[in-house]
Amino acid sequence: MPAYVSTETQDGARFQDYWSSLPREGLTPHTRDFLTTPDPALISRVLILEVNDDFLLVRFMGTNLVSLMGVDVTNKEFGAGLPDSVRATFLFNCHAVIGQPCGLHEVTEFVSATGRPFRMETLMLPLAVDEGKPPRICSFSAILEEVETEEKDRLRFHAKRDAAWFDIGSGVPDGSPQYPQA
(Lines give C-alpha, C1' and ligand atoms only; values in the text may rest on other atoms or scores of the structure.)
Protein backbone atom coordinates (compact mmCIF):
# COMPACT_ATOMS: atom_id res chain seq x y z
CA MET A 1 0.00 0.00 0.00
CA PRO A 2 1.44 3.39 -0.98
CA ALA A 3 2.31 5.89 1.71
CA TYR A 4 -0.03 8.82 1.95
CA VAL A 5 1.00 12.40 2.17
CA SER A 6 -0.90 14.53 4.64
CA THR A 7 -3.06 16.93 2.65
CA GLU A 8 -4.66 20.23 3.58
CA THR A 9 -7.98 19.17 2.02
CA GLN A 10 -10.26 16.15 2.37
CA ASP A 11 -10.49 16.02 -1.42
CA GLY A 12 -6.72 15.56 -1.60
CA ALA A 13 -7.06 12.50 0.63
CA ARG A 14 -9.99 11.24 -1.50
CA PHE A 15 -7.87 11.66 -4.64
CA GLN A 16 -5.11 9.53 -3.09
CA ASP A 17 -7.69 6.92 -2.06
CA TYR A 18 -9.06 6.77 -5.60
CA TRP A 19 -5.61 6.47 -7.21
CA SER A 20 -4.59 3.80 -4.67
CA SER A 21 -7.79 1.77 -5.22
CA LEU A 22 -7.16 1.22 -8.93
CA PRO A 23 -5.67 -1.97 -10.44
CA ARG A 24 -1.89 -1.81 -10.72
CA GLU A 25 0.68 -2.34 -13.41
CA GLY A 26 3.68 -2.45 -11.09
CA LEU A 27 3.36 0.47 -8.71
CA THR A 28 1.01 2.59 -10.80
CA PRO A 29 -2.50 2.34 -12.22
CA HIS A 30 -2.94 2.60 -15.98
CA THR A 31 -4.26 5.84 -17.46
CA ARG A 32 -7.34 4.06 -18.89
CA ASP A 33 -8.22 2.62 -15.44
CA PHE A 34 -7.79 6.06 -13.89
CA LEU A 35 -10.30 7.50 -16.38
CA THR A 36 -12.77 4.58 -16.41
CA THR A 37 -14.75 5.40 -13.26
CA PRO A 38 -13.55 8.77 -11.98
CA ASP A 39 -15.16 10.46 -9.01
CA PRO A 40 -17.14 13.37 -10.57
CA ALA A 41 -16.29 15.61 -7.60
CA LEU A 42 -12.56 15.08 -8.23
CA ILE A 43 -12.12 14.68 -12.00
CA SER A 44 -13.04 18.29 -12.67
CA ARG A 45 -9.83 19.28 -10.84
CA VAL A 46 -7.54 16.76 -12.56
CA LEU A 47 -4.87 17.40 -15.16
CA ILE A 48 -3.16 14.54 -17.01
CA LEU A 49 0.26 15.42 -18.37
CA GLU A 50 2.28 13.49 -20.93
CA VAL A 51 5.94 13.71 -19.91
CA ASN A 52 8.21 14.06 -22.95
CA ASP A 53 11.97 14.64 -22.96
CA ASP A 54 11.78 18.43 -23.23
CA PHE A 55 8.15 19.39 -22.69
CA LEU A 56 4.92 18.46 -20.93
CA LEU A 57 1.78 18.00 -22.99
CA VAL A 58 -1.68 18.38 -21.42
CA ARG A 59 -3.72 15.30 -22.34
CA PHE A 60 -6.73 15.96 -20.08
CA MET A 61 -7.90 19.09 -18.28
CA GLY A 62 -10.88 18.95 -15.92
CA THR A 63 -13.66 21.51 -16.28
CA ASN A 64 -12.93 23.22 -12.95
CA LEU A 65 -9.33 23.82 -14.04
CA VAL A 66 -10.47 25.11 -17.43
CA SER A 67 -12.68 27.58 -15.59
CA LEU A 68 -9.84 28.64 -13.26
CA MET A 69 -7.35 29.15 -16.08
CA GLY A 70 -9.86 30.77 -18.40
CA VAL A 71 -8.73 28.52 -21.25
CA ASP A 72 -8.65 24.81 -22.11
CA VAL A 73 -5.05 23.80 -22.82
CA THR A 74 -5.77 20.15 -23.66
CA ASN A 75 -3.28 18.97 -26.32
CA LYS A 76 -1.10 22.03 -25.73
CA GLU A 77 2.23 22.41 -23.98
CA PHE A 78 1.89 22.76 -20.21
CA GLY A 79 3.35 26.06 -19.03
CA ALA A 80 3.52 27.62 -22.48
CA GLY A 81 4.03 31.34 -21.99
CA LEU A 82 5.83 30.93 -18.66
CA PRO A 83 9.57 31.68 -18.43
CA ASP A 84 11.83 28.85 -19.66
CA SER A 85 13.26 28.41 -16.14
CA VAL A 86 9.78 27.78 -14.71
CA ARG A 87 8.89 25.28 -17.44
CA ALA A 88 12.25 23.52 -16.94
CA THR A 89 11.52 23.19 -13.21
CA PHE A 90 8.08 21.68 -13.88
CA LEU A 91 9.69 19.25 -16.34
CA PHE A 92 12.44 18.29 -13.86
CA ASN A 93 9.90 17.51 -11.12
CA CYS A 94 7.67 15.50 -13.49
CA HIS A 95 10.64 13.44 -14.72
CA ALA A 96 11.48 12.70 -11.07
CA VAL A 97 7.90 11.53 -10.35
CA ILE A 98 8.05 9.22 -13.38
CA GLY A 99 11.64 8.06 -12.85
CA GLN A 100 11.40 7.02 -9.19
CA PRO A 101 8.24 6.54 -9.31
CA CYS A 102 6.85 8.64 -6.46
CA GLY A 103 4.30 11.31 -5.65
CA LEU A 104 4.75 15.06 -5.40
CA HIS A 105 2.78 17.26 -3.02
CA GLU A 106 3.05 21.00 -3.50
CA VAL A 107 1.43 24.23 -2.46
CA THR A 108 1.54 26.93 -5.10
CA GLU A 109 0.67 30.59 -4.86
CA PHE A 110 -1.47 32.05 -7.62
CA VAL A 111 -2.78 35.53 -8.23
CA SER A 112 -6.47 35.95 -8.98
CA ALA A 113 -7.98 38.11 -11.70
CA THR A 114 -8.43 40.84 -9.07
CA GLY A 115 -4.76 40.66 -8.04
CA ARG A 116 -5.28 38.80 -4.76
CA PRO A 117 -2.81 35.99 -3.99
CA PHE A 118 -4.19 32.61 -2.91
CA ARG A 119 -2.77 29.11 -2.43
CA MET A 120 -3.57 25.87 -4.23
CA GLU A 121 -2.62 22.38 -3.12
CA THR A 122 -1.56 19.93 -5.85
CA LEU A 123 -0.85 16.21 -5.75
CA MET A 124 0.97 14.54 -8.66
CA LEU A 125 1.08 10.79 -9.15
CA PRO A 126 2.41 8.66 -12.02
CA LEU A 127 0.19 6.68 -14.38
CA ALA A 128 1.12 3.63 -16.47
CA VAL A 129 0.72 3.77 -20.26
CA ASP A 130 0.81 1.31 -23.14
CA GLU A 131 4.27 0.26 -24.31
CA GLY A 132 5.90 2.81 -26.56
CA LYS A 133 3.81 5.73 -25.28
CA PRO A 134 5.30 8.65 -23.31
CA PRO A 135 4.79 8.39 -19.52
CA ARG A 136 1.95 10.27 -17.86
CA ILE A 137 1.21 11.95 -14.57
CA CYS A 138 -2.16 12.77 -13.04
CA SER A 139 -2.36 15.95 -11.03
CA PHE A 140 -5.14 16.99 -8.64
CA SER A 141 -5.54 20.57 -7.42
CA ALA A 142 -7.65 22.19 -4.70
CA ILE A 143 -7.85 25.88 -3.76
CA LEU A 144 -7.00 26.37 -0.08
CA GLU A 145 -8.61 29.76 0.57
CA GLU A 146 -12.05 31.09 -0.16
CA VAL A 147 -11.96 32.74 -3.56
CA GLU A 148 -14.89 34.67 -4.98
CA THR A 149 -16.27 33.41 -8.29
CA GLU A 150 -15.16 36.52 -10.17
CA GLU A 151 -11.63 36.09 -8.78
CA LYS A 152 -11.28 32.54 -10.11
CA ASP A 153 -11.25 33.43 -13.80
CA ARG A 154 -7.81 33.62 -15.41
CA LEU A 155 -5.65 32.94 -12.40
CA ARG A 156 -1.90 33.37 -12.83
CA PHE A 157 0.93 31.24 -11.41
CA HIS A 158 3.08 33.19 -8.97
CA ALA A 159 5.43 30.91 -7.03
CA LYS A 160 5.84 27.51 -5.38
CA ARG A 161 5.64 27.83 -1.63
CA ASP A 162 6.14 24.23 -0.52
CA ALA A 163 6.92 21.00 -2.34
CA ALA A 164 7.86 17.49 -1.18
CA TRP A 165 8.16 14.00 -2.66
CA PHE A 166 6.13 11.19 -1.12
CA ASP A 167 6.65 7.45 -1.30
CA ILE A 168 4.28 5.22 -3.29
CA GLY A 169 6.35 2.08 -2.78
CA SER A 170 9.78 2.69 -4.31
CA GLY A 171 11.17 5.47 -2.15
CA VAL A 172 11.68 9.08 -3.16
CA PRO A 173 14.36 10.86 -5.23
CA ASP A 174 17.42 12.27 -3.50
CA GLY A 175 17.10 15.95 -2.78
CA SER A 176 14.01 18.12 -2.84
CA PRO A 177 11.71 19.10 -5.68
CA GLN A 178 12.70 22.29 -7.46
CA TYR A 179 10.87 25.55 -6.76
CA PRO A 180 10.24 27.73 -9.80
CA GLN A 181 9.71 31.44 -9.43
CA ALA A 182 7.74 33.22 -12.16
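Out of (1) of a type outside the set (Phe, Trp, Tyr); (2) more than 19 Å from LEU65 (Cα to Cα); (3) over 15 Å from the mean Cα position of the chain (by Cα), the odd one out for PRO117 is which?
PRO117 satisfies every listed condition except (2).
Need the failing condition index for HIS105 against (1) more than 16 Å from ILE48 (Cα to Cα); (2) crowded, with 21+ Cβ neighbours inside 10 Å, just the number.
Against the list (1) more than 16 Å from ILE48 (Cα to Cα); (2) crowded, with 21+ Cβ neighbours inside 10 Å, HIS105 comes up short only on (1).
Per-residue answers, yes or no, for (1) in contact (Cβ under 8 Å) with a residue 60 or more places away in the chain; (2) surrounded by fewer than 20 Cβ atoms within 10 Å (Cβ to Cβ); (3) more than 17 Å from LEU123 (Cβ to Cβ):
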{"site": "PHE34", "(1), (2), (3)": "yes, no, no"}
{"site": "PRO40", "(1), (2), (3)": "no, yes, yes"}
{"site": "SER44", "(1), (2), (3)": "no, yes, no"}
{"site": "GLU50", "(1), (2), (3)": "yes, no, yes"}
{"site": "ASP53", "(1), (2), (3)": "no, yes, yes"}
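What is the one condition in (1) free of Cβ contacts under 8 Å to residues at least 60 places away in the same chain; (2) over 18 Å from LEU91 (Cβ atoms); (3) surrounded by 15 or more Cβ atoms within 10 Å (Cβ to Cβ); (4) out of contact with any Phe, Trp or Tyr (no Cβ under 8 Å at 6 or more places or on another chain) that LEU22 does not satisfy?
So the condition that LEU22 fails would be (4).
In region 35-52, what residues are modelled with pLDDT of 95 or more and over 13 Å from the mean Cα position of the chain (by Cα)?
Across region 35-52, the qualifying residue is only ASN52.
Considering only residues that are surrounded by fewer than 19 Cβ atoms within 10 Å (Cβ to Cβ) and among the hydrophobic types (A, V, I, L, M, F, W, C), look in region 87-97 and name the one that is nearest to the chain's Cα centre (by Cα).
First pass over region 87-97, keeping only residues surrounded by fewer than 19 Cβ atoms within 10 Å (Cβ to Cβ): 88, 92, 95.
After this cut, where a residue has to be among the hydrophobic types (A, V, I, L, M, F, W, C) as well, the list is 88, 92.
Values: ALA88: 15, PHE92: 13 Å.
Of everything passing the filter in region 87-97, PHE92 is nearest to the chain's Cα centre (by Cα).
When you check LEU22 against the structure, is it over 23 Å from MET120 (Cβ atoms), hydrophobic (A, V, I, L, M, F, W, C) and at pLDDT 90 or above, yes or no?
Values: over 23 Å from MET120 (Cβ atoms): yes; hydrophobic (A, V, I, L, M, F, W, C): yes; at pLDDT 90 or above: yes.
Judged against the criteria, LEU22 is a match.
The values are calculated or read from the model by the stated rules, or taken from the named source; none is laboratory data. Keep in mind it's a predicted model, so treat the numbers as computed, not measured. Don't worry about glycine lacking a Cβ; one is built from the backbone with ideal geometry, like all the others, and counts go over all protein chains shown.
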